[in-house]
Amino acid sequence: MGLLHPLSDISLNCSDFDTIQNSSVTFTVKVLHREIKFEIEKKSKESMRNVKINGDDGHCFIIHDEDKEFASIIPQHSNIAKEDKSLVLSFDEENAERIEISGGKGASLARLHSLSLKNELLGNSKFSVPKGIIVTTNSYNILMEDAKLKYEIDSLQKLSWSLNQNNLKSECTRVSNFVANSELPNKIKHEIDTKLMSVFGNDFEQKLFAVR
């Protein structure tokens, strides 16, 4: 989980927003002391746009209130999801698609899993998204009750946003090793085992899993 920071500056003018939906655009934003350059390509037939962020390739959506194109793509949920206290969710549970519960990667996988099943039922072109589980942000919050672990992660996060990043790589390695050697709380372990068993069966310990 990362911190959200407000933009301190953006190079786009008000008139640029009238054409950004269909045109290519290049602009910079400032967040804290960092300047980030975005180069978004012109819209193609695909909903997703190609983008370079400080030269690195990526993809993005551009959405505004009047845009109806994404109404069927972006899921709408009730506020009850915010009350979900689950420690682990499977991809096919509704709240798994909530970013605040599952994080960006988990929510995206859950949504893709849902779309793949709908496509299969409708007889459309099939794309395969394997079954899986998500260890939720509720589990993360429990993990962060460990004061030492929280301090290490917060310190690394502050360093990543600072101007002096000379030792960032070595600090990432050190903190990664610290996290890897930290003990997972038993109640989270139990929930992971229970959910894996319900999704993959009693022999889940004999299977191989990809972990992100």
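For the peptides 89-102, 8-21, 133-146, residues were scored by their other Cβ atoms within 10 Å and the scores averaged per peptide; the highest-first order is 89-102, 133-146, 8-21.
From Cα pairs below 8 angstrom and at least 6 apart in sequence, can you work out the relative contact order of segment 118-212, rounded to a whole percent?
Numbers: 26 pairs, mean separation 26.3, N = 95.
Relative contact order here is 28 percent.
With unit charges on the beta carbons (Lys and Arg positive, Asp and Glu negative) and the dipole taken about the Cα centre of segment 136-212, which residue among Val175, Met144, Leu163 sits farthest to the positive side? It is Leu163.
Filter the chymotrypsin sites (Phe, Trp or Tyr not before Pro) in segment 147-212 to those in DSSP coil with at most 16 other Cβ atoms within 10 Å of their Cβ, and list the result. Don't jump to the answer; show the numbers that get you there.
Numbers: sites: Tyr151, Trp161, Phe178, Phe200, Phe204, Phe209; in loops: Trp161, Phe209.
When the chymotrypsin sites (Phe, Trp or Tyr not before Pro) of segment 147-212 are filtered for loop state and at most 16 Cβ neighbours within 10 Å, Trp161, Phe209 remain.
Bridgeable aspartates and glutamates around Lys118 (alpha carbons under 16 Å apart, same-chain partners fewer than 8 residues away excluded): Asp92, Glu93, Glu94, Glu97.
Within a Cβ distance under 11 Å of Val51, other residues only, what is the Lys/Arg minus Asp/Glu net charge? Kindly include the intermediate steps, with their values, before the conclusion.
Numbers: positive: Lys37, Arg49, Lys52; negative: Glu39, Glu41, Asp56, Asp57.
It works out to a net charge of -1.
At q = 0.15, 0.20, 0.27 Å⁻¹, what log₁₀ I(q)/I(0) does a Debye calculation on the Cα points of segment 9-50 give, no solvent, two decimals? Result of the Debye calculation: -0.41, -0.67, -0.95.
For Ala110, what charge total do you get from the other residues with a beta carbon under 15 Å from its beta carbon, if Lys and Arg give +1 and Asp and Glu give -1?
Net charge around Ala110: +1.
Provide the net charge surrounding Ser155, with neighbours chosen by a C-beta distance below 13 Å and charges set as Lys +1, Arg +1, Asp -1, Glu -1. Write down the numbers at each step before the final one.
Values: positive: Lys148, Lys150, Lys158, Arg174; negative: Glu152, Asp154, Glu171.
Net of charged neighbours comes to +1.
The numbers here are math on the coordinates, done by the rules we state, and not lab data. Since we're looking at a predicted model, the values are computed, not measured. Counting neighbours? That spans all protein chains shown, and the Cβs are built from the backbone with ideal geometry, glycine included.
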